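Here the structure comes first, spelled out in structure tokens, and everything after it is commentary.
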Amino acid sequence: MSKSFKTFLKHTAKDYHNQSVNPPVVRASTIIFKSMQDIRKTQDKAKKDPTGGHYDYGRQGTSTTYILSQILKKIEESHHVFLTPTGFGAVFLAIFSVTRPGDEIIVADPTYSPTRLLTQEFLKEFNIKTTFYDPHNLKTIEKKITKKTKLIFVENPGSNSFDFQDLSKILSIAKKNKILTAIDNTWGTPYFFKPIKLGFDMSIVSATKYYSGASGFMGLKIKSKNKNSVIKFVNSLKLFGYGYSWGGFESLALYQDKREQGNRQFLNLPKDEHLVRLHIGLEDPKDLIEDLKKSLKHIK
Ligand SMILES: Cc1ncc(COP(=O)(O)O)c(C=O)c1O
């Protein structure tokens with residue numbers, strides 16, 4: 001990519017079509033061909049070049065999804081991009097594309113809780129075993145590797161507790177043991193960090209967040225013997241909404257109770273420490289700081 005990244009993002013769609021500024025949104029199920037020979041030609045091309053945008057049915061993709069995947073491929077600097085309807089669909093696809101009954105996978109303990117449920121509960125029914133590693137002690141990965149280990153699934157930083165992990169170390173453990181690696185890179189996005197370049201086999205991004213790269217999503221660890229006063233701090237915020245997800249224009253806050261933390265093995269939070277998660281939106285920072293300052297006074 002010779003242009004600056006910002007220029008690339010503004011102009012790249014033009015490389016694929018020459019009409020409207022943005023590629024038209026094409027939706028399709030049936031695709032009509034001029035003749036049987038025409039159908040066969042497209043099918044032969046798809047066989048030779050499976051990622052080349054040759055489709056004989058709309059579910060395989062359209063010109064719009066092809067352009068998007070080509071652009072994301074350049075951003076990720078990857079061999080190929082698979083698009084799924086949601087980020088969680090991508091987590092599912094990455095895991096199921098490489099695991100088979102009898103395999104084992106090792107997953108970051110602070111992983112997004114639906115990913116935890118998918119691996120811990122759902123995979124079990126397919127005779128695929130999940131163990132979790134401590135993001136602060138990577139020896140726990142080495143201890144859990146067996147001959148059956150197929151995949152190490154990383155999420156960085158850890159969900160809700162924002163643990164930053166030594167990704168190079170994780171990769172060297174995986175490569176030494178010939179184990180595949182996948183990372184949920186939704187927080188960093190390939191705008192800031194390119195996992196495939198570092199050596200990961202698969203990189204996952206939920207584009208319902210800021211693919212778009214902003215990192216305004218963070219956690220606070222608050223020390224207090226009075227849990228209700230910490231909840232009062234959260235409830236007193238006027239400019240923050242209370243809801244799941246992040247990456248939108250609106251600021252959000254959540255007190256991280258057991259339900260949000262998930263069934264973690266290695267969190268070990270002392271009774272007088274509380275986690276609060278903030279997503280910083282696009283409001284004026286001065287107003288947000290003022291709101292936080294006023295509400296923090298409730299903590300006892
Ligand atoms: C880290 C992470 N990965 C994946 C997802 C799932 O993305 P989606 O909501 O697009 O399915 C989320 C959603 O909150 C997330 O926080």
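Phi-derived couplings, Karplus 6.51 cos²θ - 1.76 cosθ + 1.60 at θ = phi - 60°, listed residue by residue for segment 131-142: 10, 10, 10, 7, x, 9, 9, 6, 4, 5, 6, 4 Hz, with x used for Gly and Pro. Dimensions of segment 51-154 along the principal axes, based on C-alpha atoms and rounded to the nearest Å, stand at 46, 29, 26, largest first. With R₀ fixed at 51 Å, the C-beta to C-beta distance from Ser20 to Lys169 puts the FRET efficiency at about 0.65. Placing a pseudo-label 7 Å from each Cα along the Cα-to-Cβ vector at Ser245 and Asn228 gives an inter-label distance of 3.4 nm. Separation of the alpha carbons by more than 27 angstrom is noted, of Lys48/Lys178; Lys74/Lys129; Lys139/Lys223; Lys227/Lys293, for Lys48/Lys178; Lys74/Lys129; Lys139/Lys223. The chymotrypsin sites (Phe, Trp or Tyr not before Pro) of segment 33-67 that meet both conditions, a loop assignment by DSSP and at most 14 other Cβ atoms within 10 Å of the site Cβ, are Phe33, Tyr57.
Measuring between their Cα centroids, segment 255-300 and segment 9-42 lie 46 Å from each other.
With a simple spin-label model that places each label point 7 Å from the Cα along the Cα-to-Cβ direction, the separation between Arg259 and Thr146 comes to 3.5 nm. Taking every alpha-carbon pair under 8 Å whose residues sit at least 6 apart, the chain reaches a relative contact order of 13 percent. If you wrap the Cα atoms of segment 110-237 in a convex hull and average its projected area over all directions, you get 10.0 nm². Of the three principal axes defined by the Cα atoms of the chain, the extents in descending order read 76, 51, 36 Å.
Of interest is the spacing of the C-alpha centroids, which for segment 92-138 and segment 162-236 amounts to 17 Å.
Summing charges over neighbours of Lys223, with a neighbour being any other residue whose Cβ is under 10 Å away from its Cβ, gives 0 when K and R count +1 and D and E count -1.
Assign one of three labels to segment 217-296, namely rounded, prolate or oblate, based on the Cα gyration tensor with a ≥ b ≥ c the square roots of its eigenvalues; rounded applies when a/c is under 1.5, prolate when it is not and a/b is larger than b/c, and oblate otherwise. Verdict is oblate for segment 217-296. Across all Cα atoms of segment 1-48, the radius of gyration (one decimal) and Dmax (whole number) stand at 16.1, 45 Å.
In a DSSP loop and with at most 11 other Cβ atoms within 10 Å, the trypsin sites (Lys or Arg not before Pro) in segment 94-187 are Lys147, Lys148, Lys178. Principal-axis analysis of the Cα atoms of the chain puts helix 87-98 at an angle of about 70° to the longest axis. Secondary-structure-derived ellipticity at 222 nm for the chain, considering helices only, amounts to -9000 deg cm²/dmol, per-run term -39500 (n - 2.57) for DSSP H runs with n ≥ 4.
Each value in this text was obtained by applying a stated rule to the coordinates, not by laboratory testing. Only a predicted model underlies this, so the values are computations on that prediction, with no experimental measurement involved. All Cβ positions, even for glycine, are placed from backbone atoms using ideal geometry, and neighbour counts span all protein chains on display.
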